[in-house]
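Visitor: Below are the structure tokens for one structure; questions will follow.
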Amino acid sequence: MAGKPKLHYFNGRGRMETIRWMLSAVGVEFEEQFIESKADLEKLKKDGFLLFQQVPMVEIDGMKLVQSRAILNYIAEKYNLSGKDIKQRALIDMYSEGAWDLGEMVMQLPWKYIDPNEREKEIIMILGKANGRYFPVFEKVLKDHGQDFLVGNQLSRADIQLLETTLAIEELKTDVLSKFPLLKAFKTRMSNIPNIKKFLQPGSPRKPPVDEKMVAEAIKVFY
Ligand code: GSN
């Protein structure tokens with residue numbers, strides 16, 4: 001029997017967090033090998049384990065997968081999170097990419113904006129995009145079909161990625177969903193799915209928001 005997937009990344013959210021979310025949502029246990037020094041990263045490179053000399057890298061089913069979205073695609077296919085047909089798949093991909101674009105802005109915040117004033121300006125921009133571009137789309141999708149999940153009335157990667165991103169945006173502004181009642185109800189519903197509920201509880205592999213200390217540590221490893 002194949003062992004647990006093994007995730008290679010630093011001990012923070014970054015590009016691995018969606019992968020942690022996805023595996024956890026389908027109840028797959030995994031191991032994490034944290035990269036804590038330049039030597040750890042160099043060893044992975046020297047051993048030929050990183051196709052493009054980069055992490056995230058996930059050992060799964062006898063493969064060493066890199067490129068975060070390729071890893072997510074594999075997990076989504078394997079665990080039936082990509083819909084029932086190619087049309088559902090297209091919707092799921094569009095919604096997931098939208099959630100990814102918004103989530104990526106939050107992910108990059110502590111890395112790109114060290115100056116507190118610049119960061120504050122960027123947060124206002126991100127909240128503007130969330131309120132003006134992304135959340136209205138998801139609110140309308142939920143309103144139009146009246147179902148529990150975004151596509152095909154079953155859990156897909158789009159639901160998981162939207163929940164992850166929504167919670168990340170709420171960390172910037174707690175009442176950000178006040179004008180989006182259906183998205184708010186979606187958040188509550190998704191958060192109560194047993195595997196997800198477990199992932200949201202303390203002690204799970206979910207990582208806290210990236211702080212300045214974590215950025216400084218990661219910079220030492222990657223630059
Ligand atoms: O999505 C992906 O996995 C890739 N398109 C990008 C991965 C990437 O930029 N990895 C950085 C770590 S910071 N982000 O997760 C990396 O491994 N840098 C080390 C290097 O030598 O380039």
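Visitor: Does MET57 fit the bill of being in contact with a His (Cβ under 8 Å, 6 or more places away or on another chain), open to solvent by less than 10 Å² (accessible area, probe 1.4 Å) and of a type in the set (A, V, I, L, M, F, W, C)?
Guide: Considered against the rule, which asks whether it is in contact with a His (Cβ under 8 Å, 6 or more places away or on another chain), open to solvent by less than 10 Å² (accessible area, probe 1.4 Å) and of a type in the set (A, V, I, L, M, F, W, C), MET57 comes out as yes.
Visitor: Does ASN73 meet the test of being open to solvent by 50 Å² or more (accessible area, probe 1.4 Å), within 25 Å of SER191 (Cβ to Cβ), under 16 Å from the mean Cα position of the chain (by Cα) and of a type in the set (S, T, N, Q)?
Guide: So ASN73 fits the description; yes.
Visitor: Okay, next question. Check ARG206, ARG157 and return the single one that is of a type outside the set (A, V, I, L, M), out of contact with any Lys or Arg (no Cβ under 9 Å at 6 or more places or on another chain), open to solvent by less than 80 Å² (accessible area, probe 1.4 Å) and within 22 Å of MET105 (Cα to Cα).
Guide: One residue alone meets the criteria, ARG157.
Visitor: Could you run through the stretch 92-122 and say how many residues are farther than 24 Å from ILE160 by Cβ and of a type outside the set (Lys, Arg)?
Guide: 8
Visitor: Can I ask one more? LYS112: under 12 Å from PHE186 (Cβ atoms) and either without any contact (Cβ under 8 Å) to a residue 60 or more places away in the chain or surrounded by 12 or more Cβ atoms within 10 Å (Cβ to Cβ) (or both), yes or no?
Guide: No; evaluated as a whole, the condition is false for this residue.
Visitor: Looking at LEU102, LEU127, LEU177, LEU109, which one is in contact with a Lys or Arg (Cβ under 9 Å, 6 or more places away or on another chain) and at pLDDT below 95?
Guide: LEU109
Visitor: Condition check: on the phi < 0 side of the Ramachandran plot, surrounded by fewer than 15 Cβ atoms within 10 Å (Cβ to Cβ) and not in a helix (DSSP H, G or I). Does THR188 satisfy that?
Guide: Taking the combined requirement at face value, the residue does not satisfy it.
Visitor: Right, another one. With respect to PRO194, is the statement that it is closer than 15 Å to TRP21 by Cβ, open to solvent by 20 Å² or more (accessible area, probe 1.4 Å), out of contact with any Cys (no Cβ under 8 Å at 6 or more places or on another chain) and at pLDDT below 95 true?
Guide: The answer is no for PRO194.
Visitor: Follow-up. From the set of residues in the stretch 210-223 that are assigned to a loop (DSSP other than H, G, I, E, B) and open to solvent by 70 Å² or more (accessible area, probe 1.4 Å), which is farthest from the ligand (Cβ to nearest atom)?
Guide: Out of the qualifying residues, it is ASP211.
Visitor: Here is a list of conditions, (1) of a type in the set (Val, Ile, Thr); (2) in a helix (DSSP H, G or I); (3) touching a residue at least 60 places away in the same chain (Cβ under 8 Å), and VAL137 meets all of them except one; can you say which number that is?
Guide: Against the list (1) of a type in the set (Val, Ile, Thr); (2) in a helix (DSSP H, G or I); (3) touching a residue at least 60 places away in the same chain (Cβ under 8 Å), VAL137 comes up short only on (3).
Visitor: Give, as residue ranges, the strands (runs of 3 or more DSSP E) completely inside the stretch 15-106 that count at least 1 residues that are away from the ligand (no atom under 16 Å from the Cβ).
Guide: The qualifying strands (runs of 3 or more DSSP E) are 31-34.
The values are calculated or read from the model by the stated rules, or taken from the named source; none is laboratory data. Computed from a predicted model, the values in this text were never measured in an experiment. A quick note on method: Cβ atoms are made from the backbone with ideal geometry, for glycine too, and the neighbour counts reach across all protein chains shown. In case anyone asks, the SASA skips ligands and DNA or RNA and just uses the protein heavy atoms, side chains included. Shrake-Rupley method; radii C 1.70, N 1.55, O 1.52, S 1.80 Å.
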